[in-house]
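Here the structure is laid out as structure tokens; the discussion comes afterwards.
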Amino acid sequence: MTKFDLAITQQNINKPALAGSVSPQNDTGFLWGFFLLVAAFVLLMKESVNYAYFFKINQASQHFSPELLASITDMGNGVVTGSILVMILCFKPAWILRVLLAALICLVVTHLLKSYFDAPRPAALLEQINIIGEARHSKSFPSGHTATIFLLAGTAYLSSRRLLSRIFFVSLAIIVAVSRISVGAHWPIDIALGAIIGWSSIYVASLISKERLLSARYQYLILTALLLLLGTLSTMSKIEFPQMPIVEKLQQLYLVIGAFCLYVSYLFNRNNARRNMTTLK
């Protein structure tokens, strides 16, 4: 371990306990959130209820700007969610391995279920619905966007004790999830299962992987590599809203902000490390 790594580690050890995270086993609020999502999923298993909520939400979306709805729903895109996670991990480096494991669990489970069920999307079964962006017809169950945004919300919830932070990210996840119905991409039951997957993925990862502070070198290598991967995916992946350039611009903005946060975090830690190294001498 280099002197820089040692100083960074000492700096994180000296942080007050209040800034730490919460053990998932002891967080009743998180578990209640899980039970509410399961209850919603069970309720939506009744086809008439699932259809009724879809029509109510989808028809109500006609009162909102398509660009606004597209920008909101794209926050569940892996590129955007990943960029925001990088911002969080810049200040919660002990959660890097947990989040990577949770993302892997979420990705594998979501894609396996999508391929197994291959459920038709609303556009494949209904004619008079509000569709924003390109119409998709297959692999509806579960919602991948909802899974990733609830993974983000779960990470923010467990890694912070600040009530406002928890309320903000959970509210954001709910809005993004509902927007998947608004744009005509998913059924309500799709987003319910997607939310369960994302929310439980970070819980399972937290049980498997304890908080572990990597050396500063590995922290920045991993986060930089993650940003580069997200940037590559943003360039190569098919755009869901090709007629709305603002969505792609916002994706790029999130990536830039993520890179900026990483750079600021590096400078801040480097300056503090120098002070700590001076103290250690």
Quick check: residue separation of residue 112 and residue 43 times 0.36 nm, minus the Cα distance between them. What number comes out in nm? 22.5 nm
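Give, as a single signed number, the net charge of other residues whose beta carbon lies under 15 Å from the beta carbon of residue 116, with Lys and Arg counted +1 and Asp and Glu -1.
Details: positive: 114, 139; negative: 118, 190.
Summing Lys and Arg as +1 and Asp and Glu as -1 gives 0.
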For segment 61-86 and segment 211-258, write down the distance between their C-alpha centroids in whole Å. 14
For q = 0.22 Å⁻¹, Debye-computed log10 I/I(0) when each Cα of segment 26-91 counts as one equal scatterer: -1.02
For the pairs 46/139; 46/114; 56/114; 139/238; 92/139, flag any whose C-alpha to C-alpha distance is greater than 27 Å. 92/139
Yeah, segment 166-274 with a ≥ b ≥ c from its alpha-carbon gyration tensor (a/c under 1.5 is rounded, else prolate when a/b outruns b/c, oblate otherwise) is oblate
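Expected output is a single nm value to one decimal: the length gained when fully extending between residue 266 and residue 239, i.e. 0.36 nm times separation in residues minus the C-alpha distance. What is it? Provide the component values of the computation, followed by the final result.
Values: separation 27, 0.36 × 27 = 9.72 nm, distance 3.21 nm.
Roughly 6.5 nm would be gained on extension.
Once you keep just the Cα pairs under 8 angstrom separated by 6 or more residues, what percentage relative contact order results for segment 119-242? Numbers along the way, then the final one.
Working: 142 pairs, mean separation 39.3, N = 124.
Over segment 119-242, the number comes to 32 percent.
Based on DSSP H runs of at least 4 residues, each adding -39500 (n - 2.57), what is the mean residue ellipticity at 222 nm of the chain after dividing by all its residues, to the nearest 500 deg cm²/dmol? Display every interim value, and only then the final one.
On the way: 12 runs with 204 residues, N = 281.
Rounded to the nearest 500, it is -24500 deg cm²/dmol.
Taking every pair of Cα atoms in the chain, average 1/r, invert it to obtain the Kirkwood radius, and report Rg/Rh to two decimals. Write out the running numbers ahead of the final one.
Details: Rg = 20.1 Å, Rh = 19.8 Å.
Taking Rh as the inverse mean 1/r over Cα pairs, Rg/Rh reads 1.01.
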If each of residue 104 and residue 207 carries a label point 7 Å out from its Cα toward its Cβ, how far apart are those two points in nm? 1.8
On a straight-distance basis, which aspartates and glutamates could pair with residue 249 in a cross-link, Cα separation under 17 angstrom, same-chain partners fewer than 8 positions away excluded? 67, 74, 240
Using only Cα atoms, tell me the angle between helix 78-91 and the longest principal axis of the chain; keep it within 0 to 90° and round to the nearest 10. 30
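Can you list the chymotrypsin sites (Phe, Trp or Tyr not before Pro) in segment 38-77 that are in a DSSP coil and have 16 or fewer other beta carbons within 10 angstrom?
Numbers: sites: 41, 51, 53, 54, 55, 64; in loops: 64.
When the chymotrypsin sites (Phe, Trp or Tyr not before Pro) of segment 38-77 are filtered for loop state and at most 16 Cβ neighbours within 10 Å, 64 remain.
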For helix 28-44, report the angle its Cα long axis makes with the longest principal axis of the Cα atoms of the chain; keep it between 0 and 90° and round to the nearest 10°. 20
Loop-located GluC sites (Glu not before Pro) in segment 57-146 whose Cβ has at most 10 other Cβ within 10 Å (DSSP): 127
Taking the 0 to 90 degree range and rounding to the nearest ten, how far is the long axis of helix 144-159 tilted relative to the main principal axis of the chain, both from C-alpha atoms? 40
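Counting other Cβ atoms within 10 Å, which trypsin sites (Lys or Arg not before Pro) in segment 76-165 have at most 13 and lie in a DSSP loop?
Details: sites: 98, 114, 136, 139, 161, 162; in loops: 136, 139, 161, 162.
Answer in residue order: 162.
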Rounded if a/c is under 1.5, else prolate if a/b beats b/c, else oblate: with a ≥ b ≥ c from the C-alpha gyration tensor eigenvalues square-rooted, which is segment 62-163? oblate
If unit charges are put on Cβ atoms (+1 for Lys and Arg, -1 for Asp and Glu) and the dipole of segment 141-281 is taken about its Cα centre, the option from 169, 142, 195 lying farthest towards the positive end turns out to be 169
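Coordinate-derived values only; no laboratory data. Quick caveat: nothing in here was measured; it's all calculated off a predicted structure. Glycine gets a Cβ as well: all are built from the backbone with ideal geometry, and neighbour counts include every protein chain shown.
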